[in-house]
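These notes concern the structure reproduced below.
The values are calculated or read from the model by the stated rules, or taken from the named source; none is laboratory data. Everything numeric here is computed off the predicted structure, so don't read it as measured data. Heads up, the Cβs are rebuilt from the backbone with ideal geometry, glycines too, and the neighbour counts pull from every protein chain shown.
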């Protein structure tokens, strides 16, 4: 009799151990547990730590609450200004309601991925090429709103969306390179023209000062001669002063004839009666 009781006790202990082993669950700190009892949601969301479920009857689904980084495959589309581009992005999201993430959507990761791809193609068609290249912050915010609206019903929150890269056709790259080169050449010409204008103004001011001081012109002439001689040239070019040319021109002019007297010729005395 005693042996039978001991055997029964051992059997009960064994059954209890098996039950405990099959019913015990551990939920990690970054997870939440959703229990479905016979297909229906049972109780609230289980927090981290040790928890128990009814074997065979209950099924525990663990949901990761960490931020998920999901790359969006490159999507090809035509911009509003008829340029074919390939754009890829990355989505940062996390689950905020574990029960809705299990019940309201079959696979929330796949759903977020598909929504991100369709939203990215939609943004490409609504944007210009310049916006994709330079105004990405605004496009990122638009993408975040487009993805977050349906994801709220799935218990998912979109934290951030970033456009990673915009790939252009080779012909467009060459066209943009030529455009940038032409713009740099235009700016270089404007700078050179402005420098010529400033230099001409300074030269005009210098010419005005030298015209008032002839000695300054001679000093400038001597400085030019010294600069030319310092270069060790075999031929020395000496500028001829303009003032000396004018002096020689005045010296070669014929003298004006003296005025003649009334009724007589040069060298003859007037006749008397």
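With respect to the conditions (1) over 13 Å from residue 123 (Cα atoms); (2) in a helix (DSSP H, G or I); (3) touching a residue at least 40 places away in the same chain (Cβ under 8 Å), residue 147 falls short on a single one, namely (1). Quick one: would you say residue 86 is closer than 30 Å to residue 169 by Cβ and modelled with pLDDT of 85 or more? Yes: the conditions hold for residue 86.
When you look at residue 140, is it in a helix (DSSP H, G or I) and surrounded by 12 or more Cβ atoms within 10 Å (Cβ to Cβ), yes or no? In short, yes.
For region 71-82, taking the residues that are within 20 Å of the chain's Cα centre (by Cα) and surrounded by fewer than 19 Cβ atoms within 10 Å (Cβ to Cβ), the one that is farthest from residue 130 (Cα to Cα) is identified as 74. Set side by side, the residues 202, 232, 173 differ, and just one is on the phi > 0 side of the Ramachandran plot and either at pLDDT 65 or above or out of contact with any helix residue (DSSP H, G or I) (no Cβ under 6 Å at 6 or more places or on another chain) (or both), which is 232. Looking only at region 6-19, decide whether some residue is outside any strand (DSSP E or B), in contact with a strand residue (DSSP E or B) (Cβ under 7 Å, 6 or more places away or on another chain) and at pLDDT below 90. The answer is no; no qualifying residue exists. Restricting attention to region 118-137, the residues that are part of a helix (DSSP H, G or I) and either crowded, with 17+ Cβ neighbours inside 10 Å or within 13 Å of the chain's Cα centre (by Cα) (or both) add up to 12. Within region 150-188, the set of residues being without any contact (Cβ under 8 Å) to a residue 60 or more places away in the chain and surrounded by 12 or more Cβ atoms within 10 Å (Cβ to Cβ) comprises 150, 151, 152, 154, 175, 176.
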